[in-house]
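The values are calculated or read from the model by the stated rules, or taken from the named source; none is laboratory data. This one's a predicted model, so the numbers in the text were calculated from it and none came from an experiment. Backbone-built Cβ (ideal geometry, glycine too); neighbour counts: all protein chains shown.
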Amino acid sequence: MTEKNYLIAGGYGFIGSCFVRKLLEDKNNSICNIDKLSYASSLDSINYSNNDKYIFENIDIYEANEVKRIIHDFKPNFIINFAAETHVDRSIDDPDQFIKSNINGTFNLLEQGYQFWKELSSSEKTSFRFLQISTDEVYGSLSKNDKQFKEEDAYNPNSPYSASKAASDHLVRSWFKTYSFPTIITNTCNNYGPWQFPEKLIPLVINKCINNEKIPIYGDGTQIRDWIRVEDHINGINTVLEKGNIGEKYNIGAECELTNIQVVTDICRILDDVYPHADHPYDELIEFVTDRPGHDYRYAINNNKIKSLGWAPSYSWEVGIRETVNWYLSNREFLNSIMKQSYSGERLGKV
Ligand SMILES: NC(=O)c1ccc[n+]([C@@H]2O[C@H](COP(=O)([O-])OP(=O)(O)OC[C@H]3O[C@@H](n4cnc5c(N)ncnc54)[C@H](O)[C@@H]3O)[C@@H](O)[C@H]2O)c1
């Protein structure tokens, strides 16, 4: 086994921490996690006790000098960028931070990564990768009968969040085209699983039910999202790192399209089973509220390209969501402590 140095940006967030937990399983991996520790981060999500190959630096990737310092000190073989502001509602209320982190921050990682890579030996250059973690939201919205998005489809972002992610993807692509910097972009769909900040749909709904609070659903709840267990996504990222072609994009989705109302009623059904309320079924907490501005109707991604690399999702929705509900029930202190770090925007708490 060869030793590899992984520089992970945003490794204390929901998906980044899952990736770091996976890397920690292999003692050959050296990991440097850089994260600004936003409201969405959880230090408890990574247990690195007795592992001297894990280091954390509290760095904002908006700070170019800090990014430069850590890249030159750590000497990565891989840079993987999970760091981003990620909540669409926050991007509508306060887009500024999305531009700084998602666009300027990605630029700093790219440019400093490229300056470091230029000085490597030819074999080190060949095996180096810069992987950008992106979203299906950059493609825009589909109608019910449209075909799923493919990698070659044009970007059509509709929210400040998706526009900032689209901009960063374009930068990443151009550093490959212009400088031959070995980048790859992955576009994933809605992830679910442990350690997700409970302003996002699934932990939010679980938390509302546990606290017997109303579940406000945007519009009529018929918007469709494509869902993947976060561990399946992480395995897909590793597949792309190992077998993906530089300069290309890979969709990582599990072909699991569900309406928001379906997701919510499934969670209510599982909770009725494993944590029943004395007085009523949980779906009685559902209420419909005025829709989000510019709310995309449907996201769905075609996963044939990554499947051709030998990857396939392992979780069914029913197993994945049941385990996830049980995880949040067993980790109530995570839901409680993290909600204190929430914000007071007018869209808070809607799904
Ligand atoms: N969660 C999803 O369903 C989903 C779907 C598609 C794509 N993505 C993408 O995956 C990536 C990770 O998403 P997530 O759900 O884990 O997000 P998250 O909000 O849970 O975590 C993001 C992490 O990045 C860190 N971060 C943000 N800005 C930073 C900065 N300027 N400098 C350093 N650290 C910074 C935060 O502190 C946090 O720890 C993002 O790029 C997101 O766009 C997520």
Determine whether F176 is assigned to a helix (DSSP H, G or I) and either modelled with pLDDT under 95 or among the aromatic types (F, W, Y) (or both). yes
Breaking point among (1) in a loop (DSSP other than H, G, I, E, B); (2) in contact (Cβ under 8 Å) with a residue 12 or more places away in the chain, for G113: (1)
Filtered residue count, segment 194-234, keeping only those that are closer than 24 Å to D273 by Cβ and in a loop (DSSP other than H, G, I, E, B): 10
So which strands (runs of 3 or more DSSP E) are wholly in segment 249-326 and hold at least 2 residues that are surrounded by fewer than 22 Cβ atoms within 10 Å (Cβ to Cβ) and modelled with pLDDT of 95 or more? 257-259, 286-289
Could you list, ordered by first residue, the pairs with Cβ atoms under 8 Å in which the first is in segment 1-25 and farther than 27 Å from F98 by Cβ and the second is part of a loop (DSSP other than H, G, I, E, B) and within 14 Å of the ligand (Cβ to nearest atom), at least 6 apart or interchain? L24/I46
Give segment 188-220 a look and list any residue that's more than 21 Å from the chain's Cα centre (by Cα) and buried (at least 17 other Cβ atoms within 10 Å of the Cβ), or say none. K208, C209, I210, I215, P216, I217, Y218
Within segment 6-26, of all residues that are part of a loop (DSSP other than H, G, I, E, B) and within 12 Å of the ligand (Cβ to nearest atom), the one farthest from Y328 (Cα to Cα) is G10
If we keep only residues of segment 327-351 that are surrounded by 13 or more Cβ atoms within 10 Å (Cβ to Cβ) and polar (S, T, N, Q), then the residue modelled with the lowest pLDDT is S342
Quick one: which of S134, S162 is assigned to a strand (DSSP E or B), crowded, with 24+ Cβ neighbours inside 10 Å and either touching a strand residue (DSSP E or B) at 6+ places or on another chain (Cβ under 9 Å) or touching a residue at least 40 places away in the same chain (Cβ under 8 Å) (or both)? S134
Can you say whether N29 is more than 10 Å from the ligand (Cβ to nearest atom) and touching a Lys or Arg at 6+ places or on another chain (Cβ under 8 Å), as far as the supplied structure shows? yes
